[in-house]
Amino acid sequence: MSTQRIYIYKRYERFWHWSQALLIIGMMISGFEIHGSYELIGFAKAVRLHTLAAWTLLTLWAFTIFWQFTTGEWRQYIPSLKNVLAMVNYYLIGIFRNAPHPFRKSTVQKHNPLQRLAYLALLAVISPLIWVSGLLYLFYGDWQHLGIDTYLNLEWVAVAHTLGAFLITAFFFIHVYLTTTGHTVFAHIKAMLTGWEEVDGDDGAH
């Protein structure tokens, strides 16, 4: 089957993706050290790195949300249940039998239905959990001044933040694994570096 190259990922999109990945990696490494899982750079440095990475990522997200809405790219994340079962079947069975991929990327459909649902879970569940708990943790000293100390418990905030950390870590590693499921192991990674994706036939042309 013939393939063609189409320009899928714009320059800012690639910058946002890799910057976010590096910041999340930094937050995972420093966060689990703060949690006491291991000792690498020391508790104080880990706290500073974690806090700096968090504020940088929030700033990046603010610019990205603005970019998404001004360019219309937000439509790429609208969830759909169409062909979800086909995608599940492909990842569980078809991929090991060299079955054809049930989804073809295009400039207007970059993410398959399963990816869209995963990003919805990330935005609607994991992100609020980790960011709200993280900010509450960071500003614990202001709880009394804000009048929320009688409603919140630091231990439960810490548990919620740790749960969010495990969820985002799981999401990260699943995402990395799925990048290897293209027609070659590094095809998807190459596309996110260059912006150009190889698709079968003429399916992705429009």
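The table below gives the values:
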{"item": "Selection status of His35, over 30 Å from Gly195 (Cβ atoms) and either open to solvent by less than 90 Å² (accessible area, probe 1.4 Å) or modelled with pLDDT of 95 or more (or both)", "result": "no"}
{"item": "Residue in segment 28-38 that is of a type in the set (A, V, I, L, M) and under 16 Å from Phe172 (Cβ atoms) present", "result": "yes"}
{"item": "The lone exception for Phe103 - which of (1) surrounded by 14 or more Cβ atoms within 10 Å (Cβ to Cβ); (2) without any contact (Cβ under 8 Å) to a residue 60 or more places away in the chain; (3) in a helix (DSSP H, G or I) it fails", "result": "(3)"}
{"item": "Odd one out for Ile6, checked against (1) outside any helix (DSSP H, G or I); (2) β-branched (Val, Ile, Thr); (3) within 22 Å of the chain's Cα centre (by Cα)", "result": "(3)"}
{"item": "Test: residue in segment 109-117 that is surrounded by fewer than 16 Cβ atoms within 10 Å (Cβ to Cβ) and either out of contact with any Ser or Thr (no Cβ under 9 Å at 6 or more places or on another chain) or assigned to a helix (DSSP H, G or I) (or both)", "result": "no"}
{"item": "Some residue of segment 39-54 being open to solvent by 90 Å² or more (accessible area, probe 1.4 Å), more than 20 Å from the chain's Cα centre (by Cα), over 21 Å from Met192 (Cα atoms) and touching a residue at least 60 places away in the same chain (Cβ under 8 Å)", "result": "no"}
{"item": "Of all residues in segment 128-142 being in contact with a helix residue (DSSP H, G or I) (Cβ under 8 Å, 6 or more places away or on another chain) and open to solvent by less than 60 Å² (accessible area, probe 1.4 Å), the one that is farthest from Leu52 (Cα to Cα)", "result": "Leu129"}
{"item": "Filter pass, Ala191 being in contact with a strand residue (DSSP E or B) (Cβ under 6 Å, 6 or more places away or on another chain) and open to solvent by less than 70 Å² (accessible area, probe 1.4 Å)", "result": "yes"}
{"item": "Matching option when the condition is more than 26 Å from Ala187 (Cα to Cα) and either among the polar types (S, T, N, Q) or open to solvent by 80 Å² or more (accessible area, probe 1.4 Å) (or both), among Thr59, Thr64", "result": "Thr59"}
{"item": "Test: residue in segment 89-110 that is within 18 Å of Leu57 (Cβ to Cβ) and under 19 Å from the mean Cα position of the chain (by Cα)", "result": "no"}
{"item": "Candidates Leu167, Leu123, filtered to the one that is out of contact with any Cys (no Cβ under 8 Å at 6 or more places or on another chain), touching a residue at least 12 places away in the same chain (Cβ under 8 Å) and surrounded by 12 or more Cβ atoms within 10 Å (Cβ to Cβ)", "result": "Leu167"}
{"item": "Top-ranked residue in segment 67-82 [being aromatic (Phe, Trp, Tyr) and open to solvent by 60 Å² or more (accessible area, probe 1.4 Å); ranked as farthest from Ile8 (Cα to Cα)]", "result": "Phe69"}
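The values are calculated or read from the model by the stated rules, or taken from the named source; none is laboratory data. This one's a predicted model, so the numbers in the text were calculated from it and none came from an experiment. Cβ atoms come from the backbone with ideal geometry, glycine included; neighbour counts cover every protein chain shown. Please note that ligands, DNA and RNA were not included when accessible areas were found on the heavy atoms of the full protein model with its side chains. Shrake-Rupley method; radii C 1.70, N 1.55, O 1.52, S 1.80 Å.
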